[in-house]
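These notes are about the structure you will find just below.
The values are calculated or read from the model by the stated rules, or taken from the named source; none is laboratory data. Not measured: the values here are computed from a predicted model. All Cβ positions, even for glycine, are placed from backbone atoms using ideal geometry, and neighbour counts span all protein chains on display.
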């Protein structure tokens, strides 16, 4: 890769990480606002326990829109870590440096030293609380046991999905660092 192409790639990928982070936060805010509005309308206009699935769907959709944004940003970060930082590739060909870029390594070390300092990247606690609040739309109309059981299933399923996504997110960096290193080392052998 030419130095100019490396600089362009590095710059574009850092910009993609920043854009995904900003978009993720904006989408969560918009999704929570939409969910809360729909929940209020559901409680007022459709006071039936099964109607609580409608705002729950908005929560799920919001989460499923932001999850790949975070996963993709992390993947780009690990790529930069392995192919630029560990390889010592300068993102600016006009100014060679004594040390390789270190943003990704530094951010990983900082995050490991202070877990939770910046909040949860997937907003799992927020979505979990919202799911419990959403379940109030099931409880308030006074459901019969069958309704309570049937409508509890999608709520519990979403909470389980949040836990699964959180667990997968926590292992993503380690797995992808290893995969990118294998790709880099395999390419260097060819």
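Within the group 156, 152, 165, 160, which residue is in contact (Cβ under 8 Å) with a residue 24 or more places away in the chain and assigned to a helix (DSSP H, G or I)? Don't jump to the end; show me each part of the working.
Details: 156 fails: in contact (Cβ under 8 Å) with a residue 24 or more places away in the chain; 152 fails: in contact (Cβ under 8 Å) with a residue 24 or more places away in the chain; 160 fails: in contact (Cβ under 8 Å) with a residue 24 or more places away in the chain.
None of the other options fit; the residue is 165.
Specify the residue that is modelled with the lowest pLDDT; the eligible residues are those in region 1-15 that are exposed (fewer than 14 other Cβ atoms within 10 Å of the Cβ) and part of a helix (DSSP H, G or I).
Checking each candidate, the answer is 4.
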Query raised in the report: Quick check, is residue 101 crowded, with 16+ Cβ neighbours inside 10 Å, more than 20 Å from the chain's Cα centre (by Cα) and modelled with pLDDT under 90?
Result: yes
**Report entry** Selection count, region 137-149, where residues are surrounded by 12 or more Cβ atoms within 10 Å (Cβ to Cβ) and in a helix (DSSP H, G or I)
**Finding:** 5
**Report entry** Near pairs, Cβ below 9 angstrom, 6+ apart or cross-chain, from region 30-50 (over 22 Å from residue 149 (Cα atoms)) to any residue that is in a loop (DSSP other than H, G, I, E, B)
**Finding:** 32/123
Query raised in the report: Say we look at region 26-56 and pick out the residues that are under 21 Å from the mean Cα position of the chain (by Cα) and surrounded by fewer than 14 Cβ atoms within 10 Å (Cβ to Cβ); which of these is farthest from residue 156 (Cα to Cα)?
Result: 26
